[in-house]
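Engineer: A single structure is presented below for examination.
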Amino acid sequence: MRVLLVEDDALLGDGVRAGLKLGGYTVDWVRDGEAARLALLDHAYQACVLDLGLPKRGGLSVLQELRARGSQLPVLILTARDSSADKIAGLDAGADDYLTKPFDLPELQARLRALLRRAGGTATPTLEHAGVVLDPASKRVTRDGEAVNLSAREYTLLLDLLRHKNHIRTRSQLEESLYSWGEETGSNTVEVYIHHLRKKLGADFIRTVRGLGYQLGDPA
Amino acid sequence: MRHSLQSVRLQSLRWRLLRTVCVASLCGLALTATMSYWQAQHEAEELMDGHLAQSARLLLALVRDNEEHLGDLATRLATVRSDEQNLYEPPLEFQIGGVEGALLLRSEHAPRVELSAPAGYTVIEHDGQPWRILNLVAGSGDYRVQVGQSIVLRDRAALEVAVQSVLPIALMSPLLLLLLYYSVRRGLKPLDDLTADVAARSPDNLMPLAARHVPTEAQPLVVALNRLLFRLRATLDNERRFTADAAHELRTPLAVVRIQAQVAQLTADSADRQHALDQIVAGTDRATRVVDQLLRLARLDPLAQLPTSSEIDLAALARRVLAATPVPEKRPGLLLQTRGKPLAVSGDAELLEIVLRNLLDNALRHTPEAARITVFVRRENDELALGVADDGPGVAADELPRLAERFHRGSEAGSDGSGLGLAIAQRIAELHGARFEAENLAAGGFEARLRWPRPPVTLRQGG
């Protein structure tokens, strides 16, 4: 679950990144509007947390360009501008949600979950497949009602596969979802995590599509 | 309450105008009425004298033709005597006599006055009342005639004429006053409209007043008011922007503290928790700095002049600030460069130290670690300068003029200053009669300084 964080303030950006990481997201952090524009062009994100008062290019301009491109990316505006007019302008420019500073970290995480849920086309808060239930709010996974212990990476990988239930996910797509910029990626780490998940959730839970990638197995 | 109402009326243009115009009009009317009154009375007297003379001549003519029947004439004349009640025909009394004054004929109530009196008008007393008498002698000289009227009755007629001539003026006065009142009200209506227009202004509505229907006399007032409204709007906008910026600057570190505190609560990793706690301290430091700078600016803003002033050795001041500035480990040391003789200005040492600290702080914040930072005190062409220079990347040209604006931040990311340091430097420069200047250096780098156009005090040798 890869999220782009656009925030020019060093201390606040650091805090939001840490908070999002706690929520199980892979976070790329850029600190000006131009870098945000380039990152959005180059990478596939599942969501964007956007500040408005940015150097080089305003947050609204970044958002408008994104929407002009036809992107459906869920965008949450996170800003100190708290007037009604600002909120209206932000939402009308294409934002999906608006949160003003100072804000509550659990609230930010919940709003982001809601955005991602809607973007995935579902309204129920939990994701389910073949008896495996994932609750993004508590980050708990159960298999046939029994809790399953997953590492952070395993959890992220499972979440990605569950969100793209009917799609084949390539190895590079899964890697993007797992690692932010600058993080070391081993040559076969995705395979390692898939192997772990199969051990914990059943060998048929994830199937390999030869030459393409991975997909959730047919429910038994 | 009554007093205030009275004073309001005294001040009111409408009441003053109305009072003046009414008093003037009433005086004019009264004067006209008085003159008409006297004139009418006089004319009535003349007219009645004329009648008296005409009647006397008629009598003379009648006597001559009726010499033989004077007794019949007397009887006939008595039958045409008018009634005393008839206002405009006061009864005419007469005596007719011969040349020697012997009485030949008289009306019943005629006053008994000697006929021998000389010809012409006289006034006599008869029965305790004044009478107007006319004596005439016939052209042939054989008869004399004397006619008379009671002055009381004559005056009654004259008075009636005079009163009738004054009456229209008296009746018109209230109408005139009413007309005056409405004219004044109508004439002052544009001022009332203007008042309502001004009253409609509030901090939310400081639009200029419409000058289209305002009378020429009030135009300068409207222009002045509009200028005031414009300044007021600009000031208010500034205040609002400042408040919004200040709120933003305080809210951001608070948001930092909150989110890092929550990260520290939620994380299981002890290194992450330590990092979050460190960030909380940094956020608190920043909030403290913003509050300090805001307070400093708030104290400097209302000052018209320096609170204290003494002679300050700038080089010594720069050394003090340098010694007190902690230099981050990886940075090369700070340099002090003094050029020229001992340089002194009169001013407030504490404030000048704040300027230098802010400039140093900025240089440390905005240059790469390898950059060399120099504090300088120099004298060139009769000009004194105190400032900080660096050989870093400089500042984007379009940002230079906005550097000292309150809460202006450089466009490069990562600045965690308050955005007030240079605004404070500029304010302190103003208080010292100096100029705050910032520019990119031709050789690369950036320099910010306070510059005194001329040495403000004479330089002491060896000071």
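FYI, it's all coordinate maths here, none of it is from the lab. These figures come from a predicted structure and were not determined experimentally. Using ideal geometry, Cβ is built from the backbone for each residue, glycine included, and neighbour counts are taken over all protein chains shown.
Engineer: For segment A:127-216, how big is Rg over Rh, using alpha carbon atoms and the Kirkwood form of Rh?
Structural biologist: In segment A:127-216, Rg relative to Rh is 0.94.
Engineer: Quick one: work out the % antiparallel among DSSP beta bridges in the protein assembly as shown, nearest 5.
Structural biologist: 75
Engineer: With a ≥ b ≥ c taken as the square roots of the eigenvalues of the C-alpha gyration tensor of segment B:57-155, please select rounded if a/c is under 1.5 and otherwise prolate if a/b is larger than b/c or oblate if it is not?
Structural biologist: It comes out oblate by the Cα gyration axes.
Engineer: Among the listed pairs A:LYS21/B:LYS330; A:LYS56/A:LYS139; A:LYS101/A:LYS165; A:LYS101/A:LYS139; A:LYS56/A:LYS101; A:LYS21/A:LYS199, which have their C-alpha atoms separated by more than 27 angstrom in this model?
Structural biologist: The answer is A:LYS21/B:LYS330; A:LYS56/A:LYS139; A:LYS101/A:LYS165.
Engineer: On to the next question. Quick check on chain A: of the DSSP beta bridges with both residues there, what percent are antiparallel, nearest 5%?
Structural biologist: Restricted to chain A, the bridges split so that about 50 percent are antiparallel.
Engineer: Further question: To the nearest 20 debye, what charge dipole does segment B:10-177 have about its Cα centre, counting +1 at the Cβ of each Lys and Arg and -1 at the Cβ of each Asp and Glu?
Structural biologist: Roughly 1100 debye, rounded to the nearest 20.
Engineer: Enumerate the calculated ³J(HN,Hα) couplings along segment B:390-399 in order (Karplus 6.51 cos²θ - 1.76 cosθ + 1.60, θ = phi - 60°), each rounded to whole Hz, writing x wherever the residue is Gly or Pro.
Structural biologist: Going residue by residue, I get 9, 10, x, x, x, 10, 4, 4, 6, 8 Hz, with x marking Gly and Pro.
Engineer: How large is the direction-averaged shadow of the alpha-carbon convex hull of segment B:216-300, in nm²?
Structural biologist: Spelled out: convex hull of the Cα atoms, projected over all directions, averaged, 7.4 nm².
Engineer: Largest first and in whole Å, give the semi-axes of segment A:1-139's equivalent ellipsoid, each being the square root of 5 times a Cα gyration tensor eigenvalue.
Structural biologist: The three semi-axes for segment A:1-139 are 24, 16, 15 Å.
Engineer: Ok, one more. Using only alpha carbon positions, build the gyration tensor of the protein assembly as shown, then give the equivalent ellipsoid semi-axes as the square roots of 5 times its eigenvalues, largest first, whole angstrom.
Structural biologist: Whole-Å semi-axes of the equivalent ellipsoid: 114, 41, 17.
Engineer: What does the structure give for A:14-24 when I average, per residue, the other chain Cβ atoms found within 10 Å of the residue Cβ?
Structural biologist: Partner-chain Cβ atoms within 10 Å, mean over residues of A:14-24: 6.
Engineer: Can you check what the net charge comes to around A:ARG37, using other residues whose Cβ is under 11 Å from the Cβ of A:ARG37 (Lys, Arg +1; Asp, Glu -1)?
Structural biologist: -1
Engineer: Still on this structure: Can you tell me what the convex hull of the Cα atoms of chain B projects to on average, as an area in nm²?
Structural biologist: The Cα convex hull of chain B, projected and averaged over all directions, gives 49.3 nm².
Engineer: How big is the dipole moment of the protein assembly as shown about its Cα centre under a simple scheme where the beta carbon of each Lys and Arg is +1, that of each Asp and Glu is -1, and everything else is neutral? Debye, nearest 20, please.
Structural biologist: Once rounded to the nearest 20, the dipole reads 2960 debye.
Engineer: From other protein chains only, count the Cβ atoms within 10 Å of every residue's Cβ in B:246-253, then give the mean.
Structural biologist: 4
Engineer: Using the charge dipole of chain B (Lys, Arg: +1 at Cβ; Asp, Glu: -1 at Cβ; taken about the Cα centre), state which of B:ALA199, B:GLN260, B:LEU177 has its Cα farthest towards the positive end.
Structural biologist: Sorting the options by dipole projection puts first B:GLN260.
Engineer: Say the dipole of chain B comes from +1 at the beta carbon of Lys and Arg and -1 at that of Asp and Glu; which of B:ILE424, B:ALA438, B:GLY283 then lies farthest toward its positive end?
Structural biologist: The residue sitting farthest along the positive end of the dipole is B:GLY283.
Engineer: Among the helices of chain B (complete DSSP H runs), which have Cα atoms covering no less than 27 Å along the helix axis and a Kyte-Doolittle mean of at least -1.0?
Structural biologist: Those that pass (Cα extent of 27 Å or more, hydropathy at least -1.0) are B:13-65, B:151-187, B:219-266, B:270-300.
Engineer: Within 10 Å of each Cβ of B:268-274, how many other protein chain Cβ atoms are there on average?
Structural biologist: Taking all residues of B:268-274 together, the mean is 1.
Engineer: Let me ask something additional. Quick one, can you get me the convex hull of the C-alpha atoms of segment B:10-177 expressed as volume per residue in Å³?
Structural biologist: Spread over its residues, the Cα hull of segment B:10-177 gives 137 Å³ apiece.
Engineer: Under a 5 Å amide H to amide H cut-off, with H placed in plane at 1.01 Å, what residues pair with B:ARG106 once short-range neighbours are removed?
Structural biologist: Placed amide hydrogens put B:ILE96 under 5 Å from B:ARG106.
Engineer: Order of B:83-94, A:22-33, B:146-157, A:76-87 by packing, highest average Cβ count within 10 Å first?
Structural biologist: Ranked by mean Cβ neighbours within 10 Å, highest first: A:22-33, B:146-157, A:76-87, B:83-94.
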